[in-house]
1. Under 21 Å from the Cα of K173, which lysines turn up, not counting those fewer than eight places away in the same chain?
2. Taking the Cα-to-Cβ direction at S41 and at R168 and moving 7 Å from each Cα, how far apart do the two end points lie in nm?
3. Spin-label point model (7 Å from Cα, Cβ direction): what's the R220 to A103 distance in nm?
4. Let's see if you can work this out: charge +1 on each Lys and Arg Cβ, -1 on each Asp and Glu Cβ, no other charges. What is the dipole magnitude of segment 41-194 about its Cα centre, in debye to the nearest 20?
5. So if R0 is 45 Å, what FRET efficiency would Q49 and V256 give, r being the distance between their Cβ atoms, rounded to the nearest 0.05?
6. Which of the aspartates and glutamates could a cross-linker bridge to K27, judged by Cα under 17 Å and excluding same-chain residues fewer than eight apart?
7. Under a cut-off of 15 Å between alpha-carbon atoms, report the aspartates and glutamates in cross-link reach of K299, not counting same-chain residues fewer than 8 places apart.
Amino acid sequence: SVLRAVRGTWGSTCFRVSSTQSTSSVKWTPGIDARLRELVSRHAILLDQLGSGTQNRSAQELARLSKEESRLRSVAEGVQELDSLQGDVAAAEALLAESKGDADAADFAKAERSAAQVAIDELRRQLVRELLPRDEADEGNAVLEVRAGAGGDEASLFAGDLLRLYIRFCERKRFKFEEMSVSSTEVGGIREAVARVSGRGVFSILKHESGVHRVQRVPRTETQGRVHTSTASVAVLPEASEVDVAIDDKDLRIDVYRSGGAGGQHVNTTDSAVRVTHLPTGLSVSIQDDRSQHKNKAKALAVLRAR
């Protein structure tokens with residue numbers, strides 16, 4: 001499989017993990033508890049800020065506050081649930097202390113305490129994971145770029161196979177896959193393809209695909225059965241919004257031209273293709289897939305912001 005599993009990294013030093021058993025258990029420390037309480041307090045402050053005086057805040061600040069509140073919401077809810085479970089343990093222990101001579105009541109209290117403790121252990125593991133450093137772009141959408149590398153026609157066929165692989169993978173994950181630009185070859189492959197992939201956690205899943213992919217096989221274009229080595233490059237970029245990346249209009253040069261390649265009566269007869277060039281960096285993006293010049297311009301700007 002070309003797609004590799006995402007592996008988490010335990011990079012924080014504020015806790016210790018014991019892996020002597022098949023199920024890892026977290027050694028809960030006062031430092032962990034204190035840090036979680038700080039995040040809960042911060043979440044309450046964010047709710048107060050978002051609930052009052054929003055008219056005096058800029059769109060950028062509101063977006064930043066909303067993103068931080070969304071990230072801390074699961075921590076606040078988890079700590080609240082943890083406190084409730086710890087109360088259940090205390091109640092079960094109190095019942096156990098009062099049930100001397102009552103075997104049924106004692107068994108019930110022990111079962112309740114055991115169930116609550118199991119839930120506490122699992123919840124603590126989840127809360128510790130929330131303390132791990134994370135890439136802020138992980139929960140966002142992604143811009144996927146696939147380009148044929150070394151290998152001629154076979155490289156373009158391999159790039160086409162990769163693109164179809166990602167399309168099928170996104171369908172299985174219920175991600176939305178939107179092709180923004182595709183440059184095809186005469187043999188049925190692709191020179192370059194740019195797509196927007198949207199859904200929860202898309203970038204965290206696809207970001208490890210970036211790099212050069214290689215295949216060794218007998219291609220369809222080979223008549224003597226020789227094995228060819230071909231490559232294709234994949235780039236996965238976090239989609240940047242206008243709030244995240246501000247581009248000044250005066251730094252852009254926008255060219256419109258007539259689309260090339262196969263198309264209908266409108267595609268090749270109107271100036272619908274758009275090339276957007278960012279003058280300070282020299283980055284250029286060309287989109288010609290849509291009949292609408294405005295839609296092609298919007299797609300090109302989205303790709304440019306990601307790059």
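Every number in this text was worked out from the coordinates using simple rules, so none of it is lab data. Being a predicted model, the structure only gives us computed values, none of them experimental. All Cβ positions, even for glycine, are placed from backbone atoms using ideal geometry, and neighbour counts span all protein chains on display.
1. In chain and number order, the partners are K207.
2. Distance between label points: 5.3 nm.
3. Here the modelled spin labels are 7.5 nm apart.
4. On the way: 21 positive and 30 negative charges, 74 e Å.
Result for segment 41-194 is approximately 360 debye, rounded to the nearest 20.
5. Values: r = 44 Å, r/R0 = 0.97.
It comes out at approximately 0.55.
6. Correct list for K27: D121, E122, E130.
7. Excluding near neighbours in sequence, the set is E145, E178, E179, E239, E242, D255, D289, D290.
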